[in-house]
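This report concerns only the one structure given below.
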Amino acid sequence: MYELRGTTKQYRRGKKTVDALAGIDLTIADGDRLVIQGPTGGGKSTLLQMLGGLDRPTSGSVELDGTDLAGLSESRLTKVRSENIGFVFQSFNLIPTLTAQENVETALVPLKVKARERRERAAAALESVGLAERLGHLPAELSGGQQQRVAIARALVKQPKVLLADEPTGNLDESMRDEIMDVLDTMWKEHGLTFVMVTHDSSIAGKAPRVATLRKGRITVKENVNS
Amino acid sequence: MFFTYLRRELRRRRKAALVVASGLALGIALVIVVSSVSSGMEKAQGKVLQSLYGLGTDMTVTKAAQAQSATGERPRFQFDARGSDSDEEQSSDRVMVQGFQTLASSTVTKVGAQKGVSDAVGGLSLQVVKVSGQFRRGEFQQDQQQGGGNQQGGGPGGGQQSPQGRVEGGGADFDVNSYSVYGTDVTEPDLGPLTSSKITSGRTFKTSETNAKVVVADSSYAKEKKLALGDTVTVKGVKYEVIGIATPDSGDAAANLYIPLKQAQTLSDSKDKVTTIYVKASDSQQIDTVKSTIGKNISGTTVTTSADLADTVSGSLSTASDLASNVGRWLSVAVLVAAFLVAGLLTSSAVSRRVREFGTLKALGWKSGRVTRQVVGEAVVNGLVGGVLGIALGLGGAYAVTAVSPTLQAELGSTGGGLGGPGGGAGPGGGGMGGPARQTASKALDVALTAPVALDTIAIAVGLAVAGGLVAGAFGGWRAARLRPADALRRVE
Ligand SMILES: Nc1ncnc2c1ncn2[C@@H]1O[C@H](COP(=O)(O)OP(=O)(O)OP(=O)(O)O)[C@@H](O)[C@H]1O
Ligand SMILES: [Mg+2]
């Protein structure tokens with residue numbers, strides 16, 4: 001469960017400071033599914049970085065299950081990321097020289113999982129996203145949708161509490177997009193994840209029960225009762 | 001995962017790895033070639049010195065140089081001028097002590113008794129000038145009293161000339177032949193110039209042949225004079241039997257002929273005299289101490305160590321040697337530093353191109369140290385590949401140098417009383433004859449350059465390869481350590 005109180009993030013660019021987040025108050029319950037939308041430069045990615053412990057806020061707090069990520073050391077933050085948080089990126093971010101299976105294994109490396117178990121779990125994760133036949137393929141040998149499935153397998157193989165996705169369908173065409181959304185929704189339900197997803201896609205946002213909109217670093221949350 | 005990732009990176013980014021590796025390879029190869037060429041130079045210098053000294057000689061003792069007053073000892077040839085109808089050949093040998101400076105044989109014992117001296121042996125270097133030919137009396141144009149002499153030759157054949165007389169037709173037709181003879185102490189076969197030659201046929205002196213009329217000839221001299229075993233060589237009327245042919249290990253021989261010391265002393269009328277004392281120190285680390293001990297205790301001597309002699313080596317060998325030790329060393333250091341820098345920058349820029357990759361790994365929870373280790377690991381493997389390539393290249397280079405064996409010339413300056421080579425002083429050339437015994441003050445040798453690769457050179461090369469990899473890894477690792485996990489989200493492509 002996330003609790004954000006007065007979270008701000010400022011970026012310094014020369015003399016100017018950019019308020020990427022201008023005071024966010026937000027609660028995300030365990031197992032919640034939150035879609036974040038908004039215009040470009042609104043601060044969506046920045047918010048996701050705060051949630052994922054990739055960066056620390058300038059002020060305010062980002063509590064995950066009672067621990068304020070803003071106050072953690074870099075190594076503690078690294079540990080939180082390795083255990084609790086799965087990321088899916090817009091441009092997949094697979095290691096180009098590693099096979100699909102090895103890419104998934106990289107998520108288990110910080111957890112000190114034994115090599116054999118690592119391989120088995122990676123294979124199982126890939127099977128669950130429908131890529132059982134592609135274990136030994138390099139990213140370049142996979143389609144965009146398949147690459148994103150590998151990335152989803154990598155995010156989930158460690159069984160995190162939280163899944164954060166930054167425009168996971170942004171680089172995919174329409175048919176792929178629905179396919180990936182299906183996979184993500186299935187995973188969310190199966191694993192009981194807290195799932196936060198940034199998207200530009202209004203058709204996805206329209207179907208979501210809870211949608212946050214970020215504009216100039218300020219957030220408004222809308223509960224969609226219909227869906 | 002470390003090794004899987006490492007292997008995959010190196011295999012799939014082979015080109016980038018090869019660029020870094022070949023930069024390092026070049027530097028390492030240069031280090032190998034330069035260091036083996038300079039050790040080849042050292043070896044060549046050692047050979048030059050050895051050819052003069054013989055094996056195992058640490059220093060020589062000669063008489064301290066004095067102002068030369070050679071007039072009294074200038075060789076004189078006396079021939080009778082014959083009538084114009086006479087074609088009779090005459091010949092005469094002059095035996096001179098080389099450098100005209102001798103030490104008493106007792107000095108050998110004295111030197112041998114000095115502290116730190118393991119062995120000392122005396123030798124007498126002689127120069128023999130043989131003049132042979134026909135000498136005809138000149139004829140006067142006008143009816144004056146006879147007495148014309150040869151116009152050349154400075155001999156006493158020319159009588160007083162009457163002012164009215166003019167000599168015509170008188171002259172001489174002769175050969176001048178000069179060669180060196182070394183009187184060796186046959187009781188001490190382990191020290192002295194003959195040790196740097198191998199007996200390639202026949203035998204060497206027996207220790208009992210202290211005054212035997214036997215000679216060992218240098219192979220090139222024997223070839224020139226068509227000397228074979230069993231032949232006789234006549235020096236100043238004394239016949240010597242050739243018992244052995246000696247071939248120098250390198251360069252020139254110390255003398256053309258070797259005879260027992262006593263014989264040499266008799267030939268040159270220098271009983272109980274030697275020109276050079278060859279000294280072996282009991283501890284090769286103590287040579288300088290022994291040198292000063294001898295210099296202090298036995299006055300009137302010059303002690304020359306191989307280090308002193310090495311300083312007098314000049315010619316292309318010395319130039320090349322200086323080049324190798326100065327320019328070569330700096331060049332290889334410069335290339336090595338450049339290679340390290342280039343490898344570092346390339347590795348660092350490779351990290352920059354993989355910002356998203358490393359950011360992603362950090363986002364997945366990889367510690368900074370683990371990412372850095374990966375980068376350093378890749379760089380070290382690149383370094384090792386560079387090392388292997390460099391060693392191969394360097395060995396190839398050194399092998400090529402040895403295969404080509406460029407010839408270098410070494411000139412040894414005269415030091416003190418001359419060391420085996422015709423040393424020191426005014427040329428005692430016979431008046432007006434020009435050249436028969438004109439002694440050069442230096443000795444020139446041709447030495448083939450080799451480039452032996454020492455095992456520790458290879459060890460150094462491996463060390464450099466690892467160091468190069470670590471330097472490159474430090475550049476890249478530093479860069480990787482500073483990457484923020486949030487960089488994973490950056491949309492750079
Ligand atoms: N590392 C950074 N340094 C400086 N400014 C930054 C940095 N990251 C983001 N910003 C600025 O912060 C603001 C919010 O950026 P952010 O990436 O969160 O927007 P976004 O909503 O994700 O936009 P998009 O839809 O284009 O991805 C922008 O004005 C951006 O320029
Ligand atoms: Mg964004």
Region A:188-201, subset among the hydrophobic types (A, V, I, L, M, F, W, C) and open to solvent by less than 10 Å² (accessible area, probe 1.4 Å), residue nearest to ligand 2 (Cβ to nearest atom): A:198
Among the numbered criteria (1) over 17 Å from residue B:189 (Cα atoms); (2) in contact (Cβ under 8 Å) with a residue 40 or more places away in the chain; (3) of a type outside the set (A, V, I, L, M, F, W, C); (4) open to solvent by 50 Å² or more (accessible area, probe 1.4 Å), which single criterion is violated by residue B:288? (2)
Which members of region A:186-204 meet the condition of being more than 11 Å from the chain's Cα centre (by Cα), of a type outside the set (A, V, I, L, M, F, W, C) and farther than 17 Å from residue A:172 by Cα? A:186, A:189, A:190, A:191, A:192
For a quick check of your reading: which strands (runs of 3 or more DSSP E) sit entirely within region B:191-255 and have at least 1 residues that are open to solvent by 40 Å² or more (accessible area, probe 1.4 Å)? B:197-202, B:232-235, B:238-248
Qualifying position, being under 21 Å from residue A:213 (Cα atoms), within 11 Å of ligand 1 (Cβ to nearest atom) and part of a loop (DSSP other than H, G, I, E, B), among A:39, A:57: A:39
With the condition kept exactly as written, say whether any residue in region B:362-372 is closer than 15 Å to residue B:469 by Cα, more than 14 Å from chain A (Cβ to nearest Cβ) and open to solvent by less than 50 Å² (accessible area, probe 1.4 Å). no
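Being of a type outside the set (Gly, Ala, Ser) and either more than 16 Å from ligand 2 (Cβ to nearest atom) or free of Cβ contacts under 8 Å to residues at least 60 places away in the same chain (or both) is the filter here, so list the residues in region A:202-217 that pass it.
A:207, A:209, A:210, A:211
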Among the residues of region A:114-136, which ones are within 13 Å of another protein chain (Cβ to nearest Cβ) and surrounded by fewer than 19 Cβ atoms within 10 Å (Cβ to Cβ)? A:114, A:115, A:116, A:117, A:119, A:136
Top-ranked residue in region B:459-492 [being within 16 Å of ligand 1 (Cβ to nearest atom) and without any contact (Cβ under 8 Å) to a residue 40 or more places away in the chain; ranked as farthest from residue A:87 (Cα to Cα)]: B:482
Only one of A:90, A:146 is of a type outside the set (Val, Ile, Thr), in a helix (DSSP H, G or I) and within 20 Å of the chain's Cα centre (by Cα), namely A:146
Take the residues in region B:472-493 that are more than 16 Å from ligand 2 (Cβ to nearest atom) and crowded, with 20+ Cβ neighbours inside 10 Å; name whichever of them is farthest from the other protein chains (Cβ to nearest Cβ). B:475
Would it be correct to say that residue A:8 is under 17 Å from the mean Cα position of the chain (by Cα) and outside any loop (DSSP other than H, G, I, E, B)? no
Pairs only if they're at least six apart or on different chains, beta carbon under 6 angstrom, first in region B:375-390 and more than 14 Å from residue B:6 (Cα to Cα) and modelled with pLDDT of 90 or more, second open to solvent by 50 Å² or more (accessible area, probe 1.4 Å) and part of a helix (DSSP H, G or I); list them, first residue then second. B:387/B:462
Positions within region A:91-120 being closer than 16 Å to residue B:485 by Cβ and out of contact with any Phe, Trp or Tyr (no Cβ under 6 Å at 6 or more places or on another chain), in sequence order: A:91, A:93, A:95, A:106, A:107, A:109
Tabulated pairs, region A:183-198, first within 14 Å of chain B (Cβ to nearest Cβ), second away from ligand 1 (no atom under 16 Å from the Cβ) and modelled with pLDDT of 90 or more, C-beta under 7 angstrom, 6+ apart or interchain: A:196/A:28
Per the filter on region B:330-345, residues modelled with pLDDT under 85 and either in contact with a strand residue (DSSP E or B) (Cβ under 9 Å, 6 or more places away or on another chain) or open to solvent by 80 Å² or more (accessible area, probe 1.4 Å) (or both) are B:330, B:331
In region A:15-36, the residues that are in a strand (DSSP E or B) and open to solvent by 40 Å² or more (accessible area, probe 1.4 Å): A:16, A:17, A:18, A:19, A:25, A:27
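The values are calculated or read from the model by the stated rules, or taken from the named source; none is laboratory data. These numbers come from a predicted model, not from an experiment. Reconstructed Cβ throughout: ideal geometry from the backbone, glycine too, with neighbour counts over all protein chains shown. Just so you know, the surface numbers come from the protein's heavy atoms only, side chains and all, with ligands and any DNA or RNA stripped out. Shrake-Rupley method; radii C 1.70, N 1.55, O 1.52, S 1.80 Å.
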